[in-house]
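Some notes on the structure that comes next.
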Amino acid sequence: MNPLLDKLQPYPFEKLRLLFAQITPNPAYSAIGLGIGEPKHPTPAFIQKALTDNLAGLANYPSTVGSEALRGAIAGWLERRYNLPKLNPATQILPVNGSREALFALAQTVIDPTRQTPGGGPLVMCPNPFYQIYEGAAYLAGAEPYFVNSDPARNFAPDYKSVPAEVWPRVQLLYICSPGNPTGAVLTLADWKELFDLSDRYGFVIAADECYSEIYFKSEAPLGGLEAAHKLGRSDYPRLIAFSSLSKRSNVPGMRSGFVAGDAEVMKKFLLYRTYHGSAMSPSIQAASVAAWNDEQHVIENRAKYIAKFNEITPMLAEVLDVSLPDAGFYLWAKVDRYGGISDTEFARRLYAEYNVTVLPGSYLAREAHGINPGQGRIRMALVAEVDECLEAARRIVAFTKTLS
């Protein structure tokens, strides 16, 4: 067996299952889950129709590069959404089976485990808290993760100035998530410039995870990595790969449809890897994806539902928890330790036992790094269900906090 598998930690939801293992929740309440970020809004009918109208595609092997129609639809969406100059769909776009598998696979393409520096072997830099795929991808590519804690004083942007100078030459890949999971924070143009300057100096690839980009609460859409690069005169997107997905944007997590886009040289190697990896997208899913990327009205309507929901629920929870409206995404990232220093795990355990509401302890989404676990004392709440269910969950959380005080 691959010994690197022994380095993988249990996934957060496995930790949550163990936390709840000996608990029978209060039978007076129906179960409400705010733990998993799985969109619950209905899948648009026109996407379903595009899928069923193209079931004949099941009779064909798909190509790894995807159809010209799909790559063209993705390129068109990127150009409209981020005001980019015309992209080359043949060299700068690649369909993937959801951003998760591509985020993992990129590390297997980029990392050279044989490359040593005086400081040691390769590193993959990750924000902390983070999406656990980044860590697993690092280990299984033969690298080590290096965590940079998010700074609440900087709108939860990672504090790269805290990284010792001797670390940077070892970094071969840097993951960044904007809008962030779990914080919802969006990087500024100055944040991106800092990353690009570091990439230019040390030569690492930036993997920009942007799967929450279309759910936001301000009038201005979140800045994307390709957009930031273009604004800074980097329209060839050197060492930058952006990841996005239809799962949150279009409420189709079961389609597993997304894309990567950016530096053509990196993309060429990534395509080579994926040709052997055998991860081509079904022609039927490709056809439904073309329909989804070409339509914006359903995205506007979906975003409006989230705005209404968050505007109603966030003030309720802000009265009893340290929480505020995020920049984007569909999570609330709340501090809970105001109640006698209760831990995030104990808060989640008791809330589940007494009110049958599931939330995810923040410490499960982070690692102990540089003396702290930056998720400790926080919980992540995924407001993905319809508004009535989320409101009921909020009412129960408010009631629960009153038992604590």
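Name the one entry in ASN128, ASN181, ASN149 that is at pLDDT 95 or above and under 15 Å from ASP327 (Cβ atoms). Quick ask: steps written out before the conclusion?
On the way: ASN128 fails: under 15 Å from ASP327 (Cβ atoms); ASN149 fails: under 15 Å from ASP327 (Cβ atoms).
Unique residue meeting the criteria: ASN181.
Is it the case that some residue within segment 102-109 is open to solvent by 20 Å² or more (accessible area, probe 1.4 Å), touching a residue at least 40 places away in the same chain (Cβ under 8 Å), over 21 Å from SER363 (Cβ atoms) and not charged (D, E, K, R)? Let's see the steps before the verdict.
The first filter runs over segment 102-109 and keeps only residues open to solvent by 20 Å² or more (accessible area, probe 1.4 Å), leaving 104, 108-109.
Then drop every residue that is not touching a residue at least 40 places away in the same chain (Cβ under 8 Å), which leaves 108-109.
Restricting the remaining residues to those that are over 21 Å from SER363 (Cβ atoms) gives 108-109.
Now restrict to residues that are not charged (D, E, K, R): 108-109.
So far as segment 102-109 goes, yes, one or more of its residues are open to solvent by 20 Å² or more (accessible area, probe 1.4 Å), touching a residue at least 40 places away in the same chain (Cβ under 8 Å), over 21 Å from SER363 (Cβ atoms) and not charged (D, E, K, R).
Tell me the residue from ASP112, ASP151 that is charged (D, E, K, R), without any contact (Cβ under 8 Å) to a residue 60 or more places away in the chain and out of contact with any Ser or Thr (no Cβ under 7 Å at 6 or more places or on another chain), please. Give the steps one after another, and end with the answer.
Working: ASP112 fails: without any contact (Cβ under 8 Å) to a residue 60 or more places away in the chain.
That would be ASP151, the only listed residue that is charged (D, E, K, R), without any contact (Cβ under 8 Å) to a residue 60 or more places away in the chain and out of contact with any Ser or Thr (no Cβ under 7 Å at 6 or more places or on another chain).
Within segment 46-62, does at least one residue satisfy the condition of being open to solvent by less than 60 Å² (accessible area, probe 1.4 Å) and under 26 Å from TYR331 (Cα atoms)?
yes
What do you reckon, is TYR276 free of Cβ contacts under 8 Å to residues at least 12 places away in the same chain and more than 14 Å from PRO44 (Cα to Cα)? Break it down into steps so the answer makes sense when it comes.
Values: free of Cβ contacts under 8 Å to residues at least 12 places away in the same chain: yes; more than 14 Å from PRO44 (Cα to Cα): yes.
Criteria met by TYR276.
Scan segment 314-366 residue by residue and report those that are over 23 Å from VAL148 (Cα atoms), open to solvent by less than 10 Å² (accessible area, probe 1.4 Å) and of a type in the set (Gly, Ala, Ser).
ALA348
Considering only segment 188-200, I want to know if a residue exists there that is β-branched (Val, Ile, Thr), over 17 Å from PHE130 (Cα atoms) and crowded, with 24+ Cβ neighbours inside 10 Å. Spell out the reasoning first.
Step one: of segment 188-200, the residues β-branched (Val, Ile, Thr) are 188.
Next cut, over 17 Å from PHE130 (Cα atoms) only: 188.
From the residues that got through so far, the ones that are crowded, with 24+ Cβ neighbours inside 10 Å too are none.
So far as segment 188-200 goes, no, none of its residues is β-branched (Val, Ile, Thr), over 17 Å from PHE130 (Cα atoms) and crowded, with 24+ Cβ neighbours inside 10 Å.
Does ALA21 count as more than 21 Å from the chain's Cα centre (by Cα), over 24 Å from GLU210 (Cα atoms) and among the small types (Gly, Ala, Ser)? Steps first, answer last, please.
On the way: more than 21 Å from the chain's Cα centre (by Cα): yes; over 24 Å from GLU210 (Cα atoms): yes; among the small types (Gly, Ala, Ser): yes.
So ALA21 fits the description; yes.
Output yes when any residue across segment 375-392 is touching a residue at least 40 places away in the same chain (Cβ under 8 Å) and of a type in the set (S, T, N, Q), and no when none is.
Checked against the condition, which is being touching a residue at least 40 places away in the same chain (Cβ under 8 Å) and of a type in the set (S, T, N, Q), segment 375-392 yields no hits at all.
Can you tell me which residues in segment 63-81 are basic (Lys, Arg) and buried (at least 16 other Cβ atoms within 10 Å of the Cβ)?
Step one: of segment 63-81, the residues basic (Lys, Arg) are 71, 80-81.
Of everything in segment 63-81, those that are basic (Lys, Arg) and buried (at least 16 other Cβ atoms within 10 Å of the Cβ) turn out to be ARG71, ARG81.
With the checklist (1) closer than 20 Å to TYR212 by Cα; (2) open to solvent by less than 30 Å² (accessible area, probe 1.4 Å) in hand, flag the one item ALA143 doesn't pass.
Going through (1) closer than 20 Å to TYR212 by Cα; (2) open to solvent by less than 30 Å² (accessible area, probe 1.4 Å) one by one, ALA143 breaks only (1).
Please go through segment 393-405 and give me each residue that is surrounded by fewer than 16 Cβ atoms within 10 Å (Cβ to Cβ) and either of a type in the set (D, E, K, R) or assigned to a loop (DSSP other than H, G, I, E, B) (or both), ordered by number.
Initial filter on segment 393-405 (surrounded by fewer than 16 Cβ atoms within 10 Å (Cβ to Cβ)): 395, 398-399, 402-405.
Those that are surrounded by fewer than 16 Cβ atoms within 10 Å (Cβ to Cβ) and either of a type in the set (D, E, K, R) or assigned to a loop (DSSP other than H, G, I, E, B) (or both): ARG395, LYS402, SER405.
Looking only at segment 204-227, how many residues end up being small (Gly, Ala, Ser), touching a residue at least 12 places away in the same chain (Cβ under 8 Å) and either assigned to a loop (DSSP other than H, G, I, E, B) or surrounded by fewer than 24 Cβ atoms within 10 Å (Cβ to Cβ) (or both)? Please lay out each step first, then the result.
Residues of segment 204-227 small (Gly, Ala, Ser): 207-208, 213, 219, 221, 224-225.
Next, only the ones that are touching a residue at least 12 places away in the same chain (Cβ under 8 Å) stay: 207-208, 213, 221, 224-225.
Retained after the next criterion (residues that are either assigned to a loop (DSSP other than H, G, I, E, B) or surrounded by fewer than 24 Cβ atoms within 10 Å (Cβ to Cβ) (or both)): 213, 221, 224.
Summing the residues that are small (Gly, Ala, Ser), touching a residue at least 12 places away in the same chain (Cβ under 8 Å) and either assigned to a loop (DSSP other than H, G, I, E, B) or surrounded by fewer than 24 Cβ atoms within 10 Å (Cβ to Cβ) (or both) in segment 204-227 gives 3.
Read through the list (1) touching a Lys or Arg at 6+ places or on another chain (Cβ under 9 Å); (2) charged (D, E, K, R); (3) within 28 Å of PRO283 (Cα to Cα), then give the number of the only condition that ARG71 fails.
Here ARG71 clears every test but (1).
Name the pairs whose Cβ atoms lie under 8 Å apart, with the first residue in segment 233-244 and over 12 Å from ALA207 (Cβ atoms), the second open to solvent by 40 Å² or more (accessible area, probe 1.4 Å), and 6 or more positions between them or separate chains?
Pairs found: SER235/PRO85; PRO238/ASP200.
Could you please find all residues in segment 247-266 being in contact (Cβ under 8 Å) with a residue 60 or more places away in the chain, in a helix (DSSP H, G or I) and touching a helix residue (DSSP H, G or I) at 6+ places or on another chain (Cβ under 6 Å)?
Selection gives SER247, SER250, PRO253, MET255, ALA264.
Just name the residue that is most open to solvent (accessible area, probe 1.4 Å) out of those in segment 257-284 that are touching a Ser or Thr at 6+ places or on another chain (Cβ under 7 Å) and of a type in the set (A, V, I, L, M, F, W, C).
Ranking the qualifying residues of segment 257-284, first place goes to LEU271.
When you scan segment 50-72, how many residues do you find that are without any contact (Cβ under 8 Å) to a residue 24 or more places away in the chain and under 29 Å from the mean Cα position of the chain (by Cα)?
Going through segment 50-72 one residue at a time, the tally reaches 3.
Quick one: which residue in TYR331, TYR352 is over 14 Å from THR183 (Cβ atoms), touching a strand residue (DSSP E or B) at 6+ places or on another chain (Cβ under 8 Å), modelled with pLDDT of 95 or more and of a type in the set (Ser, Thr, Tyr)? Reasoning before the result, please.
On the way: TYR331 fails: over 14 Å from THR183 (Cβ atoms).
The unique qualifying residue is TYR352.
The values are calculated or read from the model by the stated rules, or taken from the named source; none is laboratory data. Keep in mind that what you see is a predicted model, and the values were worked out from it rather than measured. Note that we place each Cβ from the backbone using ideal geometry, even for glycine, and neighbour counts take in every protein chain shown. Quick note on the areas: whole protein, heavy atoms, side chains included, nothing else; ligands and nucleic acids left out. Shrake-Rupley method; radii C 1.70, N 1.55, O 1.52, S 1.80 Å.
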